[in-house]
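Have a look at the structure below before the remarks.
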Amino acid sequence: MKNYVSISKLFFFLAVMGLFITSCEPDVIINDPSISLVDEAGFISADATVDAGATFTVKLSADKGDGEMNSLTITKDGTNVPTTDFTIDGLADNNPKLLFDGDRTGFTYEIAITAPVEAGTSSYAFKVDSDDTGSATTSISITVEESNEPPVLANDMNSSIELLNPGTVKIVLTGVKGSSPLNTITVAEEGTAIDDLSRLDWGTIPFDANPYTLTGDDKEGFEGAELFLTSQSIIGTTNYTITLTDEAGNESTIDYSITLLTPIATEYTDVPLFNNAGSGFGGIDLQTGTNVSSTTADDDLVDLGNDGSGNWRMQIGASPGSTTSIRTIDAAYTYESVTSKERLQEAYDGGTEVTETPVLSTGSTFAASLDGVLYLITITNTDNTNSDDLDSYTLNIKSAE
């Protein structure tokens, strides 16, 4: 009986010692891989704010732990980022990306990611897994602010428009949407929206209000759109502003000026002027556009007669005692092209004052001024008789006060 108890005590002692020895064995420690975002110029390594739809780039570095790494997974708010929304070292790749060769022990990747277009904050996580079930993760928060890009209104025509008579002007416009759909077009005259809607059309559609509300595809942008504007009726320059507004209240404007010119007041055609050495009708009365004797008080311009050899000079000067000023003008101001007082004034102001014209021929054109009235004179025909001093010109005359 005593032997039985001793043997039982021995087995009990050995069991306890076995438990003690087992419990003293060291735990097995698995070293996980390491992963981090590199802090370097041009790369995001901490929480950041970016524009909607912009591309941001991180430099990701990872090294293996005890086991080699086998994959990299990129998530946004816990969901794998679509492969269309990122590149790794400039190339499209899978998600998860399987690691091979040297990348299994360590890598550094440049990862470019397209941010959402919606405003908000998202958490982007980068996780590597290893063959021994270890893993490591690093993450950043990317905030997209609500975009508020304004629209852009543009055109490809001169912003200074001239009209000889009141009329309708076609203005061709391009509107580019910013962050919000386009909303209205407003046309202002000298800073005030035009209230006479009969003066405004959007293409073939009359304005029903000013601002005019855009509809359909125009809300997403337009190119080559035609705005028709009936000009002012008062002679002079009037300023106009066209404003494109989007649904967020952002604006883009274009300024125009329309100058209503002063038409030529009077025109005399087929006015004869004779060699002053011949018939005696070598004068022109500019105020009536008539051929007169060069010996009367009515003549304002006179033919200069013959030279010392008896040949017709074919030149015109101011009548003796007259205050008529004569100027040669730039060839760009043709008789046909000068249709307004403003153009005639430009021609005269830019001309050279002379006491007598150069030798004249058909097509010669010059300007004159008398008592505040401007004149444009062109030679439409010359008749040189070469024998009897009955030579003559035919003139056309325009005048403007």
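Quick one: angle between helix 2-23 and the longest Cα principal axis of the chain, in degrees between 0 and 90, rounded to 10, please.
20
For segment 34-144, calculate the relative contact order in percent as a whole number, restricting contacts to Cα pairs under 8 Å that are 6 or more residues apart.
Across segment 34-144, relative contact order equals 37 percent.
What does segment 152-260 give for Rg and for Dmax, in Å, if only its C-alpha atoms count?
13.3, 42
Filter the GluC sites (Glu not before Pro) in segment 319-384 down to the DSSP loop ones having no more than 16 other Cβ atoms within 10 Å, then list what survives.
Sparse-neighbourhood loop GluC sites (Glu not before Pro): E336.
Ranked from highest to lowest mean number of other Cβ atoms within 10 Å per residue, what is the order of the peptides 295-301, 228-234?
Put in order of decreasing packing, that is 295-301, 228-234.
Could you tell me which of the pairs K97/K127; K76/K177; K170/K398; K64/K127 are separated by over 22 angstrom between their Cα atoms in the structure shown?
Check vs 22 Å cut-off fails for K76/K177; K170/K398.
Quick check: convex hull over the Cα atoms of segment 266-400, volume per residue in Å³, rounded to an integer?
Here the figure is 94 Å³ per residue.
Where Rh is the Kirkwood radius over the Cα pairs of the chain, the temperature 20 °C and the viscosity 1.002 mPa s, what D in µm²/s does Stokes-Einstein return?
Here the translational diffusion coefficient equals 70 µm²/s.
Kirkwood hydrodynamic radius (Cα pairs, Å) of segment 34-144?
Kirkwood radius, segment 34-144: 14.1 Å.
Which of the aspartates and glutamates could be linked to K341 by a straight reach, that is with a Cα gap under 14 Å, when you skip same-chain ones fewer than 8 residues away?
Leaving aside aspartates and glutamates fewer than 8 places away in the same chain, those within reach of K341 are E162, E267, D349, E401.
Multiplying the sequence separation of N165 and T121 by 0.36 nm and subtracting their Cα-Cα distance, what value in nm do you get?
In short, 9.8 nm is gained.
What do you get for GluC sites (Glu not before Pro) in segment 19-128 restricted to DSSP loop and a cutoff of at most 14 other Cβ within 10 Å of the site's Cβ?
Qualifying residues, ordered by number: E40, E118.
Any chance you could list the semi-axes, whole Å, largest first, of the equivalent ellipsoid that the Cα gyration tensor gives for segment 151-214, using √(5λ)?
21, 16, 11
Sum -39500 (n - 2.57) across every DSSP H segment of at least 4 residues in the chain, then divide by the residue count to get the 222 nm mean residue ellipticity, nearest 500.
-2500 deg cm²/dmol
Rule-based calculations on the coordinates, nothing more; no lab input. Keep in mind that this is a model prediction, so the values were computed, not measured. Backbone-built Cβ (ideal geometry, glycine too); neighbour counts: all protein chains shown.
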